[in-house]
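Since the structure comes first, as structure tokens, the remarks are kept for the end.
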Amino acid sequence: MTRSGLFAGIAMLAACLLGLLGEAARAQTALSPEAVAAWADAHVGAAMLAGKTDAAVITVVQDGRVLLAKGYGWSDAGRTKPIGPESRIRIASISKLFVATAVAQLLERRLIRSIDDPANDYLKRFKLPANTNIPISIRHLLTHTAGFEDIMFGTATNRPVAVPLSAKDIRPRLPDFARPPGGLIDYSNAGYSILALLIEDVTGLSYAQYLDSRILRPLGMNATALDLSVDKPKNLVESRVLLAGGRSRPVPWTALHPFSAPAGSVISTAVDMARFMAAASLRSGDASSPLLRASGQENMFRPIAWSHPAMTGIGIGYFTQRWNGRLIAEHGGDLPGAHTMLVMIPSLRAGIFISMSNEAQPASPGARRNRDHSPRQMGYRFLAHFLGPLRLDTNIAGARQATGDLAGDYVFQRRPHKGIRMLDPVISVRTKDKDHLEIVGIAALKPLAPGIYEGTDKGIFNYVAFTAGRSGDPVMVPYFPFSSLKRVTGLDHPGTVGTLGLAGLALFITGLLALRWPNATRLERWATRSPAMILTAGIVASILFVAPIWGGLSGFEAYAYGDRRGAVFLVVMVNALLACVLAAILMAIRGWQAGLWGSGRPGTARRVHFSLLAVALCLVLLPLRYMNLIGWPF
């Protein structure tokens, strides 16, 4: 045999071996309809039988085939209509994947040159301000790294709104910046709302028209649409809260404003989502789908931003991770009583979509927690069953290592910063021993690598990483990075300002005793009555704010619906309280100068008491300042 013939034989043998190995690998990773159905019954079906859900639907695809499409439970709280793969459901934030797909299409058509272009190059009705002199790019919007605060104003609507939106409708709903762009991932609905407006400005179509003509109709997703109606659509699976004893109650319908709708108001079915996943399962060498070329689809899955390289990153719309070496692309969705999860496994050309129409977190004292049986957890269980339990890759580079003591109190950075907000929940991290940490009341943390921990929590703290923030202080990054957490101290700590505010209020209530003080002069009479008048005004203002008098809603609910009247009323009352504080300080000074409220020790005690009342009012202002109610937050 000649040398060339020998080489040819070796090459042929190697090719045969590689082919056999490839067939074996495909056999090991092929998903059979029987295995998928058995898994679904053992997990989703079992959750229903255990009373953890009474409305779930699941579909699984591979190689363009639907392996499973099945419903578990009921479409309504009264349990009269079975739920099925054709049942219409709110897919919530999975709606953002359609926005991202539209952006990828415009990139292919060269109507958008690059995701690194400033968004203002394409926006026509309004312009985004620069963030720390840096223009906001399309990449920033796609990856939740524009630095936006999270806002609640105007996200919902109870009246029809004309579309396309005018600049007048858009500008009040644009969030302020809370941090410089290009940093940590902090989930932003507004970023995708802005992208939908950009799509409209580039194409000349409304986003709903573009979605229907370029994505839904080409895929045959005839039961899917962007919902812009104020009233609840017909034949929609009823969102509800699961109560003790297997009962459930409906969640009131909330219509999203057309500004917010592209980020979370698509209605679809499990069958239609199977068509979408099948089209998104392209790999290099495949023919183009009705959506994108194979290379364009793969680019959507490629991570382009992350808060920490060991945690979940994000591509074009899809959150991405490595599950035992395999790239996983996913997105979840949550609305009151409607929770969804979509997971793509590109190397297997496979995907899974799960929806549960039960509230995952208690919306009332009688409601049960459902976090362990959420669609996200079901998706992760599917991956663990078919790909093996997750082994986090800690052999990473590029992370800014947090140094020093990591213990302390942390707050989520995805929150309002300049607009009206509540006191933020505090996540406390404590040191258990030399190496182990604990997220108090949530999870124990064991170290895997420097700054990377595995948690016992089944929610977002299953893994956490600590990185150094811009100031050098530690920042906690959950495995799914919907929000980073910043360590807080002093008057930036909601617990501190809340405690001081309550202490101040308790002290100020003792001012009612001033009604019994001597009040011979007009000044003394005003001073002794002022604590009672301020307390009465505060109680009345609080009752009016929470009462359903602002278009039939409470002040906070009206604020979410774009009605500022209740919020303006509250801010005016708080600023009036600020004026009262200044008056109380001046009155206390005058009291010492003029010897008000008597002489001797009783008079001195009353003047000390009134001075303490002025201090108490200052303490009451601290949580109000934290909630951005002082000044003009609009």
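The values are calculated or read from the model by the stated rules, or taken from the named source; none is laboratory data. As the structure is a prediction and not an experimental result, all values here were calculated from the model. Neighbour counts are summed over all protein chains in view; Cβ atoms, including those assigned to glycine, are modelled from backbone coordinates with ideal geometry. What goes into the accessible areas is simple: the full protein's heavy atoms, side chains included, and nothing from ligands, DNA or RNA. Shrake-Rupley method; radii C 1.70, N 1.55, O 1.52, S 1.80 Å.
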Query raised in the report: Restricting to the stretch 534-548, what's the tally of residues that are over 18 Å from ILE420 (Cβ atoms) and not in a helix (DSSP H, G or I)?
Result: 1
Query raised in the report: Are there any pairs, at least 6 apart or on different chains, whose C-beta atoms fall under 9 Å, with the first in the stretch 65-83 and more than 21 Å from MET277 (Cα to Cα) and the second assigned to a strand (DSSP E or B) and acidic (Asp, Glu), and if so, which?
Result: none
Requested in this report: Could you figure out which of (1) over 28 Å from GLY337 (Cα atoms); (2) out of contact with any Lys or Arg (no Cβ under 7 Å at 6 or more places or on another chain); (3) part of a loop (DSSP other than H, G, I, E, B); (4) not acidic (Asp, Glu) isn't true of MET152?
Outcome: (1)
**Report entry** Condition met for LEU577 (in contact with a helix residue (DSSP H, G or I) (Cβ under 8 Å, 6 or more places away or on another chain), among the aliphatic types (A, V, I, L, M), in a helix (DSSP H, G or I) and within 25 Å of HIS417 (Cα to Cα))
**Finding:** yes
Report task. Could you tell me which residue of the stretch 52-67 is nearest to GLY337 (Cα to Cα), considering only residues that are in contact with a helix residue (DSSP H, G or I) (Cβ under 7 Å, 6 or more places away or on another chain) and open to solvent by 20 Å² or more (accessible area, probe 1.4 Å)? Result -> LYS52
Requested in this report: Please enumerate the residues belonging to the stretch 182-233 that are in a helix (DSSP H, G or I), of a type outside the set (Ser, Thr, Tyr) and touching a Lys or Arg at 6+ places or on another chain (Cβ under 6 Å).
Outcome: ASP201, LEU219
Query raised in the report: Does ARG247 satisfy the condition of being under 30 Å from ALA468 (Cβ atoms) and more than 21 Å from the chain's Cα centre (by Cα)?
Result: no
Query raised in the report: Taking the stretch 126-155 on its own, how many of its residues are touching a Leu at 6+ places or on another chain (Cβ under 9 Å) and surrounded by fewer than 16 Cβ atoms within 10 Å (Cβ to Cβ)?
Result: 1
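A quick yes/no check of all residues on (1) open to solvent by 40 Å² or more (accessible area, probe 1.4 Å); (2) among the β-branched types (Val, Ile, Thr):
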| position | (1), (2) |
| --- | --- |
| ILE396 | yes, yes |
| GLY419 | no, no |
| ASP433 | yes, no |
| PRO447 | yes, no |
| GLY459 | no, no |
| PRO478 | no, no |
| PHE482 | yes, no |
Report summary line: Only unsatisfied item for ARG470, checking (1) open to solvent by 70 Å² or more (accessible area, probe 1.4 Å); (2) within 26 Å of ASP150 (Cβ to Cβ); (3) modelled with pLDDT of 90 or more, is (3)
Query raised in the report: Out of all the residues in the stretch 593-604, which are touching a residue at least 40 places away in the same chain (Cβ under 8 Å) and either part of a loop (DSSP other than H, G, I, E, B) or surrounded by 18 or more Cβ atoms within 10 Å (Cβ to Cβ) (or both)?
Result: LEU596, TRP597, GLY598
Query raised in the report: Does SER188 qualify as being closer than 22 Å to MET476 by Cβ, of a type outside the set (A, V, I, L, M, F, W, C) and buried (at least 20 other Cβ atoms within 10 Å of the Cβ)?
Result: yes
Query raised in the report: Can we say LEU392 is assigned to a loop (DSSP other than H, G, I, E, B), touching a residue at least 40 places away in the same chain (Cβ under 8 Å) and closer than 19 Å to GLU454 by Cα?
Result: yes
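Rundown of residues vs (1) hydroxyl-bearing (Ser, Thr, Tyr); (2) open to solvent by less than 40 Å² (accessible area, probe 1.4 Å), yes/no style:
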residue	(1), (2)
THR528	yes, yes
GLY555	no, yes
LEU582	no, no
ILE589	no, no
LEU629	no, yes
**Report entry** Members of the stretch 195-213 found to be in contact (Cβ under 8 Å) with a residue 40 or more places away in the chain and surrounded by fewer than 21 Cβ atoms within 10 Å (Cβ to Cβ), listed by number
**Finding:** ASP201, VAL202, THR203, SER206
Requested in this report: Looking for whichever is out of contact with any Gly (no Cβ under 9 Å at 6 or more places or on another chain), under 30 Å from ARG376 (Cα atoms) and at pLDDT 90 or above here; the options are LEU500, LEU485, LEU513, LEU507. Which one fits?
Outcome: LEU485
Report task. Can you work out which of the residues in the stretch 105-125 that are without any contact (Cβ under 8 Å) to a residue 60 or more places away in the chain and part of a helix (DSSP H, G or I) is least open to solvent (accessible area, probe 1.4 Å)? Result -> ASN120
Query raised in the report: Quick check, is ARG607 assigned to a helix (DSSP H, G or I), open to solvent by less than 30 Å² (accessible area, probe 1.4 Å), without any contact (Cβ under 8 Å) to a residue 24 or more places away in the chain and more than 30 Å from VAL161 (Cα to Cα)?
Result: yes
Query raised in the report: Do you know which residues across the stretch 156-169 are aliphatic (A, V, I, L, M) and either open to solvent by 30 Å² or more (accessible area, probe 1.4 Å) or part of a loop (DSSP other than H, G, I, E, B) (or both)?
Result: VAL161, ALA162, VAL163, LEU165
Query raised in the report: Of the residues GLY511, GLY566, which single one is open to solvent by less than 40 Å² (accessible area, probe 1.4 Å) and closer than 16 Å to LEU617 by Cβ?
Result: GLY511
Query raised in the report: Given ALA270, ALA294, which one is surrounded by 20 or more Cβ atoms within 10 Å (Cβ to Cβ) and either over 27 Å from the mean Cα position of the chain (by Cα) or closer than 30 Å to ASN158 by Cβ (or both)?
Result: ALA270
